Structure formats: C-alpha cells, structure tokens
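The structure appears below as structure tokens.
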Amino acid sequence: MDDATHGPLAGFTVGVTAARRADELIALLRRRGAAVVHAPALRIVPLSDDGELMAATKELVDNPPDAVVATTAIGFRGWIEAADGWGIGERLLERLRTTDLLARGPKVKGAVRAAGLVETWSPQSESLAEVLDRLLAGPVTGRRIALQLHGEPLPGFVEALRDGGAEVVPVPVYRWMPPADLAPLDRLLDAVAVGALDALTFTSAPAAASLLSRAGERGLREAVLAALRGPVLAACVGPVTALPLQGEGVATVQPERFRLGPLVQLLCQELPGRARVLPVAGHRLEIRGHAALVDGGLRPVPPAGMALLNALARRPGWVVSRADLLRALPGAGRDEHAVETAMARLRAALGVPNLIQTVVKRGYRLSLDPGDGEGWNGGRGVR
C-alpha cells in the first residue's frame, strides 16, 4: 500500500477556515485522504440593501470615475446585481464601459466579461500590488479611482493612491462578519493551540484576521501563533491572504497559482515532507499527524498512542522512561499503568510489535536499525 492507494494526505488533519467554497476545498482534501476540521472564521454579509453601497454607486453613476478597480469576482457580480435591484444597473454598466476598468486576475476578468464589459488591463498574478503599481505608473494625480472592496478596507492600497494625488471612492460591496455560531471556530482554535492539526488553510485575509481576533478574545492568541510558527503549517491561497499571518511572524506556504486545487496539491507535497521517517526493526516507519505508515501501509493510531510514538521518535533508539512517557500522555495523571495500556494499543495499531522494544525497569525505545546515525549510537547501551 502507498500514497496512490490511501492518498498523499492520509494520516494528516487539515483545518479549513473558509466560508465560501468550503465544500469544494473539503472535498479536495478528503479525496486525497486528509481528515478535515471545518470552522468558518467569518461570514459574508451582502450589502444589496445597504445605504453606503447605494450612495457610492449613485455617486459614480452621476460623476464618472477615471478608473475602477474590481478586486473580486463575487464582489463585482454582487455590485452589478445590487445596482440592477435599485434600477440603475444599466447606467452603472454604461459608466464602466467608458472608464479604465482594471480587473485583479483571471477570475475577476471572467466576472467583468460576464457582465458584458471588457477590462482595460488585468494581471496574470492576481496580485493587488501589481494593480497598484500599474495605477501609480499613470500617474494618478487628479484622477478619481473607484475601488471595489472585498470585505476589508485595504488601507495600504488606498493610502498609496491618495499619497499619489488620487481621489479614491471606496465601493463596499460586502462585509466580513464573525460567524453567527462561534462554537466550531472555538473548537478549531483549541485544536490549533495544542497542535492537534497538521495544517490550517486560509483562502482570504479577513479569515486569517478574524481567526487571530477570536483567539485573542479567548486568551489563546499567543498559543495559536506559537503553533502556527511551529508544528501547524499555515497554508494560504495567495500572498494577500497571508499578510495578517506574516505580520505576526508566521511563515506561510502558498501555491504559484492562487486556486484551491494548487493549494491542496501544495499540501500534498509539504505535509508528507514534514513527516518523520525512521528505519525501525527492518521496517520503514513514517509518523504522520494521526497515523503511521509501516512499509507504506496506513496504520491509524489512537491519540494516546500518537503521543507515545512522537515522544519515542524525538529520541529514536534511546530509552524513554515511563515517567517521561506518562508526561507525554494527555490527561494521564500519575498512574504509569496508563503508559502500559496505551503502549499495548499502540503496538496493536502499528501491527508490528517489535517496532517498540521494552527495556526492563527503564522504559521503551524505538528499535532503530543498526548504523542509523546518532539515535542508534545513543541507544547502543540498551541493545
């Protein structure tokens, strides 16, 4: 059995923070074997009945802008639909036909063309920074630029244009709000804080900011950040999404193409690459988040067993005392018999009992193959 049989993400647990298109992302992850924990970090609130959006739209219809920046496909479509509902959709489209219309990337360009419009320019990278560079190369002095927001105010983008002498008209098509039910997000945060996830995915910057905000409200901010800087891989769909995390010193991984498919493929490369692989008792042992692979065969392991296996793997070939293993067990108390019980279950789960050797009156160790570096040499005295 190998990754082609059980999937490259088998044995790993991945958190999903997306509200929109979450089902698609979850299906892609599960198809590749991952266990998924889903908790929307925010919800999208359309502003079709919002006076702020209506006022901005009417102002642009009455006073045409020199340029319009469309930042998201869903936001642009929502804007046109809202204008139709107010009876000014055709007038808005006419204004957009006679202005410089910049679309941030292929998805937004598709929404623009679906509305019967043609963009003036669009970057291949979907980078908002590239859109800003294009505008500032203009220059922008004295120009009125409408900016379709995508759930957050984009202060750096706006300030750069205003510093360049432009008048910026924000168009708030929808807003991000905290989820109506915070319980799933709280459970996700708890899992992140204790390192129970192998990766956490983000598909929007507001989701990352919302998750960190909720962590702060619960007193978990530092624990969550420490986990994301360490054992929990932060995977973002693109550089804009990564900004709130990178601002907190969290290293992120991002696919070259800012899509869900490439994001999942990136996880399929990154997570197996982070797994611990050891030659033990003539077998290949690969330790993943909630499972082990023995000679390529997937072996689900209970949480207590994974705690013991990880403790042993941190010192391969060395004896780890029962007391140290007891401390590694979650909620085990002081009874070392809990170690023996969990160890018996771990051996049964692995299916190869001699992977872990009992050292009488001392503890346990992984039976690392001879000649495998420091781990074996360090354990030579108990061979």
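Of all residues in the range 29-55, how many are surrounded by fewer than 20 Cβ atoms within 10 Å (Cβ to Cβ) and assigned to a helix (DSSP H, G or I)? Number of matching residues: 6.
Determine whether A22 is in contact (Cβ under 8 Å) with a residue 60 or more places away in the chain, over 25 Å from A292 (Cβ atoms), surrounded by 15 or more Cβ atoms within 10 Å (Cβ to Cβ) and out of contact with any Phe, Trp or Tyr (no Cβ under 9 Å at 6 or more places or on another chain).
Details: in contact (Cβ under 8 Å) with a residue 60 or more places away in the chain: no; over 25 Å from A292 (Cβ atoms): yes; surrounded by 15 or more Cβ atoms within 10 Å (Cβ to Cβ): yes; out of contact with any Phe, Trp or Tyr (no Cβ under 9 Å at 6 or more places or on another chain): yes.
Judged against the criteria, A22 is not a match.
Are any of the residues in the range 174-197 at pLDDT 90 or above, in contact with a Gly (Cβ under 7 Å, 6 or more places away or on another chain), under 11 Å from G15 (Cβ atoms) and in a loop (DSSP other than H, G, I, E, B)? Looking through the range 174-197, at least one residue is at pLDDT 90 or above, in contact with a Gly (Cβ under 7 Å, 6 or more places away or on another chain), under 11 Å from G15 (Cβ atoms) and in a loop (DSSP other than H, G, I, E, B).
Can you tell which of G331, G317 is open to solvent by less than 40 Å² (accessible area, probe 1.4 Å), in a loop (DSSP other than H, G, I, E, B) and either farther than 30 Å from A27 by Cβ or out of contact with any His (no Cβ under 7 Å at 6 or more places or on another chain) (or both)? It is G317. If you check E222, E286, E248, E217 for being open to solvent by less than 50 Å² (accessible area, probe 1.4 Å), over 24 Å from R21 (Cβ atoms) and among the acidic types (D, E), only one passes: E286.
Filter the range 270-300 down to residues that are in a strand (DSSP E or B), under 29 Å from E256 (Cα atoms) and in contact with a helix residue (DSSP H, G or I) (Cβ under 7 Å, 6 or more places away or on another chain) and give me whichever is modelled with the lowest pLDDT. Reasoning before the result, please.
Residues of the range 270-300 in a strand (DSSP E or B): 276-280, 283-287, 291-294, 297-300.
In the following step, the residues that additionally are under 29 Å from E256 (Cα atoms) were identified as 276-277, 286-287.
With the extra rule that they be in contact with a helix residue (DSSP H, G or I) (Cβ under 7 Å, 6 or more places away or on another chain), the set shrinks to 276, 287.
On the way: R276: 92, I287: 95.
Here the residue is R276.
Against the numbered list (1) within 26 Å of G15 (Cα to Cα); (2) of a type outside the set (A, V, I, L, M, F, W, C); (3) in contact with a strand residue (DSSP E or B) (Cβ under 8 Å, 6 or more places away or on another chain), G317 comes up short only at (1). Checked against (1) in contact with an Asp or Glu (Cβ under 6 Å, 6 or more places away or on another chain); (2) within 30 Å of L9 (Cβ to Cβ); (3) exposed (fewer than 15 other Cβ atoms within 10 Å of the Cβ), T120 passes all but condition (2).
For every residue, the table says whether it meets (1) in contact (Cβ under 8 Å) with a residue 24 or more places away in the chain; (2) surrounded by 13 or more Cβ atoms within 10 Å (Cβ to Cβ); (3) under 30 Å from the mean Cα position of the chain (by Cα).
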residue	(1), (2), (3)
V140	yes, yes, no
L149	yes, yes, yes
E159	no, no, yes
E167	yes, yes, no
V171	yes, yes, yes
W176	yes, yes, yes
L182	yes, yes, yes
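What number goes with the only condition from (1) out of contact with any Pro (no Cβ under 7 Å at 6 or more places or on another chain); (2) outside any loop (DSSP other than H, G, I, E, B) that R347 does not pass? Tallying (1) out of contact with any Pro (no Cβ under 7 Å at 6 or more places or on another chain); (2) outside any loop (DSSP other than H, G, I, E, B), R347 fails exactly one: (1).
The values are calculated or read from the model by the stated rules, or taken from the named source; none is laboratory data. It should be emphasised that the depicted structure is a prediction, and the values quoted were computed from it without experimental measurement. We place every Cβ from the backbone using ideal geometry, glycine too, and count neighbours over all the protein chains shown. These accessible areas exclude ligands, DNA and RNA; they are computed on the full protein's heavy atoms, side chains included. Shrake-Rupley method; radii C 1.70, N 1.55, O 1.52, S 1.80 Å.
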